[in-house]
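The values are calculated or read from the model by the stated rules, or taken from the named source; none is laboratory data. Note that this is a predicted model, so its numbers are computed, not measured. Counting neighbours? That spans all protein chains shown, and the Cβs are built from the backbone with ideal geometry, glycine included.
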Amino acid sequence: MSQSTGTGVFGLSIDLKEQSATSLQAELSQLLKTLQRLQIPATFATPSPGCDGVFEELRGETLRHELAILADTSWVGPQVGRTHFARELARRVEIAQARKAAVRTIAVSDSDLSTNLDLLVKHRISVVRSPLYTGFQPQSLRFGVWQAPVSFTLPLKGRWQFGGAEWAINRALSRASRSQGLVHLVVDLATLREQAELATLERILTTVQRRRNKGLITVVTMQGLVERLAPQRNTTSARSVLRVA
């Protein structure tokens with residue numbers, strides 16, 4: 001099934017916070033089956049892309065999933081020097097490259113990387129994801145680097161809890177279709193140990209598939225998002241890069 005070009009954009013990121021996929025093998029396998037059935041590619045963020053078992057699982061998939069670096073406060077944050085950050089970033093990128101795994105996205109926990117954008121560019125990182133930046137519009141930083149907002153997380157947090165994840169994301173998808181916005185869902189893979197959370201995610205993704213089939217939504221990975229946005233960089237403001245001028 002080809003991905004149609006809808007007016008709204010949906011992106012799915014999956015975080016594996018543990019150092020190995022072994023403990024979450026069942027959850028990962030089930031998720032990959034769901035994504036394959038619904039034809040929804042995802043961006044998988046792990047602490048050490050290429051050496052934790054995730055890449056091996058993705059290698060045999062026909063969908064073009066992506067890998068991302070999941071950073072933690074031991075090497076990214078206000079208390080960490082630039083030299084240490086540069087060394088740790090380079091090490092992770094080199095490990096991934098040695099296994100022929102490309103990484104173009106870094107997901108951070110609570111940090112601003114604006115002073116280290118040159119280091120990201122050096123390693124061809126073009127997307128920064130941070131929970132400090134929420135909402136439905138990507139932001140153009142500098143040097144071709146984009147900041148992807150976190151629209152929702154699973155398990156759901158914050159003001160959206162009242163109506164539930166499905167209700168909130170469905171409303172956001174409708175709004176994205178009208179305004180050319182982005183709905184970016186970030187899921188902690190460990191959450192899918194709970195059958196209720198897995199069922200919720202499957203219903204959400206089924207809704208995304210249905211809207212995509214109607215031409216209302218385009219499904220992208222984080223690198224796919226950059227490829228979609230890059231032509232607009234010089235003609236659209238960073239404040240609303242997905243909206244019609």
Next on the checklist: What are the pairs with Cβ atoms under 6 angstrom where one residue, in region 93-114, is free of Cβ contacts under 8 Å to residues at least 60 places away in the same chain and the other, located anywhere, is exposed (fewer than 13 other Cβ atoms within 10 Å of the Cβ) and assigned to a helix (DSSP H, G or I)? Sequence gap at least six, or different chains.
Outcome noted: none
Next on the checklist: Which of the numbered conditions does Ala190 fail, given that it passes all the others? Conditions: (1) surrounded by fewer than 20 Cβ atoms within 10 Å (Cβ to Cβ); (2) in contact with a strand residue (DSSP E or B) (Cβ under 7 Å, 6 or more places away or on another chain); (3) not basic (Lys, Arg).
Outcome noted: (2)
Item to check | In region 79-117, the residues that are more than 28 Å from Glu57 (Cα to Cα) and in contact with a strand residue (DSSP E or B) (Cβ under 8 Å, 6 or more places away or on another chain) | outcome: Asp110, Ser111, Asp112, Leu113
Checklist entry - What about Glu194, is it farther than 28 Å from Ala102 by Cβ and among the acidic types (Asp, Glu)? => result yes
Checklist outcome for this item: When (1) of a type in the set (A, V, I, L, M, F, W, C); (2) buried (at least 17 other Cβ atoms within 10 Å of the Cβ); (3) under 30 Å from Thr218 (Cα atoms) are applied to Phe85, the one that fails is (3)
Checklist outcome for this item: Among residues of region 1-59 being acidic (Asp, Glu) and closer than 22 Å to His184 by Cβ, the residue modelled with the lowest pLDDT is Glu27
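To keep it simple, each residue is scored yes or no on (1) under 23 Å from Thr7 (Cα atoms); (2) modelled with pLDDT of 90 or more; (3) assigned to a helix (DSSP H, G or I).
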{"site": "Asp118", "(1), (2), (3)": "no, yes, yes"}
{"site": "Arg129", "(1), (2), (3)": "yes, yes, no"}
{"site": "Leu132", "(1), (2), (3)": "no, no, no"}
{"site": "Thr153", "(1), (2), (3)": "yes, yes, no"}
{"site": "Asn170", "(1), (2), (3)": "yes, yes, yes"}
{"site": "Glu202", "(1), (2), (3)": "yes, yes, yes"}
{"site": "Thr206", "(1), (2), (3)": "yes, yes, yes"}
{"site": "Gly215", "(1), (2), (3)": "yes, yes, no"}
